[in-house]
1. Can you tell me which of (1) within 17 Å of Asn56 (Cα to Cα); (2) open to solvent by 20 Å² or more (accessible area, probe 1.4 Å); (3) touching a residue at least 24 places away in the same chain (Cβ under 8 Å) is the one Glu67 doesn't meet?
2. Determine which single condition Pro62 fails, assuming it passes every other condition in (1) surrounded by 15 or more Cβ atoms within 10 Å (Cβ to Cβ); (2) at pLDDT 90 or above.
3. Being in contact (Cβ under 8 Å) with a residue 24 or more places away in the chain and closer than 18 Å to Gly97 by Cα is the filter here, so list the residues in the stretch 48-64 that pass it.
4. For the stretch 80-99, enumerate the residues that are in a helix (DSSP H, G or I) and in contact with a strand residue (DSSP E or B) (Cβ under 8 Å, 6 or more places away or on another chain).
Amino acid sequence: TRYNEPTNPLQGGFSRFDNFDTLEGGFLTYDFIVSTRNKINDTDFRMLIKLKIIRNNIKHSPKDIDEAMYKLFADTLYTVWGECMEMTFYYKKKNYGIVKLGQEKNCFPIPTGVKANFVEVK
């Protein structure tokens, strides 16, 4: 296609400069990547990446998960393990956005077959 010809809507990623802002689905933007309504800042985005790295690289034992969560969140998020294949992540309100996004994007280290609960504490 030449630059002054109309674009074919089936060709994703191609656009004219006069319709760039209205193009849907052709380009990735922050809104396509972050699907929650809460926007995150760079610090939270880095935390999300670190969570995913932890999830992919540690043994999913209670000890390893507890240590990794403490190193990343200190006392603002911690885990409590139940008896029947259940664990609970307790987090402070300031971590609400990263916790919800981490849940949605499956970034928390949760052993296979274990039910995870997320509870906000004061």
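1. (3)
2. (1)
3. Leu48, Leu51, Lys52
4. Of the residues in the stretch 80-99, the ones in a helix (DSSP H, G or I) are 93-99.
Residues satisfying the conditions are Lys93, Asn95, Tyr96, Val99.
Here's the yes/no breakdown for (1) touching a strand residue (DSSP E or B) at 6+ places or on another chain (Cβ under 8 Å); (2) more than 28 Å from Gly113 (Cβ to Cβ); (3) of a type in the set (Gly, Ala, Ser); (4) at pLDDT below 55:
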{"site": "Leu10", "(1), (2), (3), (4)": "no, yes, no, no"}
{"site": "Gly25", "(1), (2), (3), (4)": "no, yes, yes, yes"}
{"site": "Arg55", "(1), (2), (3), (4)": "no, no, no, no"}
{"site": "Lys71", "(1), (2), (3), (4)": "no, no, no, no"}
{"site": "Tyr78", "(1), (2), (3), (4)": "yes, no, no, no"}
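Yes/no per residue for (1) surrounded by fewer than 17 Cβ atoms within 10 Å (Cβ to Cβ); (2) more than 12 Å from the chain's Cα centre (by Cα); (3) of a type in the set (Phe, Trp, Tyr):
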site	(1), (2), (3)
Asn56	yes, yes, no
Leu72	yes, yes, no
Met87	no, yes, no
Lys105	yes, no, no
Thr112	yes, yes, no
Lys122	yes, yes, no
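The values are calculated or read from the model by the stated rules, or taken from the named source; none is laboratory data. Predicted model, so just to flag it, every value in this text is computed and none were measured. Glycine gets a Cβ as well: all are built from the backbone with ideal geometry, and neighbour counts include every protein chain shown. The accessibility values were calculated without ligands, DNA or RNA, using every heavy atom of the protein model including side chains. Shrake-Rupley method; radii C 1.70, N 1.55, O 1.52, S 1.80 Å.
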